[in-house]
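Below you'll find the structure, written out as structure tokens, and then a few comments.
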Amino acid sequence: MRIDTNFLFDLDGTLVDSVYQHVTAWKEALDAEGIELSVWRIHRKIGMSGGLFTNQLLRETGLEISESRIERLRQLHAEAYKRHVKSVRPLPGARELLAALTENGIAWAIATSGRLETAGPNLAALGVDPGQVPVITRDLVKYAKPDPDLFLAAAARLDVPIETSVVVGDSIWDMLAAVRCRALGIGLLSGGYGAAELQAAGAYRVFEDPADLLSRLDEVGGRR
């Protein structure tokens, strides 16, 4: 019996080089609210759900953060990100990787913790039309990473079993979500996490970036 592999991609730091723009945007949002948090601590939270981000923020700062302030921070981040999004570019090999999958009849989708307001410009930079490609954003699920909802929804949109899916992401939150939904996780170094961290979180292979993954696609179930 033939089992076809399909690919579920994270977006920020996986297909587009946008992690540090998000870090800067969150720093500006937090500064505007008078919340002090080191840049490296913000980076460690990129890719997780907003709720988990807030919980970690509470633990690290000891501040009480109301629902209204959480929403204000989200809006400030979105506004700040729009100021930096012009510098976002596809990561090396990202467009070519997606094209190779399409040409070889391999199903793929995108599942991002970002809401459509911030994911939209990134998809445009990548040349992906959400009307033509399955894209699951934070707006469409109850919980984001490290919960598996985004990847489960993406697999459902493709009408494929999650167990035959390969989750490609750059953060430990992607890998944890992959493990929780019984998919195989592939880690990319293009978001700033180290290989050992990604492997400890569940990645069975780690590549430098989409170009590196494309050159070894046959090693992870993709047939070129």
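Each value in this text was obtained by applying a stated rule to the coordinates, not by laboratory testing. Keep in mind that this is a model prediction, so the values were computed, not measured. Note that we place each Cβ from the backbone using ideal geometry, even for glycine, and neighbour counts take in every protein chain shown.
Other residues lying with their Cβ under 12 Å from the Cβ of CYS181 contribute a combined charge of -1, Lys and Arg counting +1, Asp and Glu -1. Full extension of the chain segment joining ALA200 with LYS82 gains 39.1 nm, where the gain is 0.36 nm per residue of separation less the Cα-Cα distance.
Distance from the Cα centroid of the range 141-173 to that of the range 45-78 is 23 Å (rounded to whole angstrom).
Mean sequence separation of contacting Cα pairs (under 8 Å, at least six apart), scaled by the length of the range 19-86, corresponds to a relative contact order of 51 percent. For the chain, the relative contact order comes to 26 percent (Cα pairs under 8 Å, sequence separation of at least 6). Across ASP139, ASP174, ASP209, mean-square fluctuation computed from a Gaussian network of the chain (C-alpha pairs under 10 Å connected) peaks at ASP139. Computed from point charges on the beta carbon alone (+1 for Lys and Arg, -1 for Asp and Glu), the dipole magnitude for the chain about its Cα centre is near 100 Debye. In the range 1-105, Rg over Rh equals 1.11, where Rg is the alpha-carbon radius of gyration and Rh the Kirkwood radius from pairwise Cα distances.
Report the FRET efficiency, 1/(1 + (r/R0)^6), for GLN56 and ARG89, where r is their Cβ-Cβ distance and R0 is 30 Å, rounded to 0.05.
On the way: r = 29 Å, r/R0 = 0.96.
The calculated FRET efficiency here is 0.55.
In the chain, helices alone account for a calculated mean residue ellipticity at 222 nm of -13500 deg cm²/dmol, with every DSSP H run of four or more residues adding -39,500 (n - 2.57).
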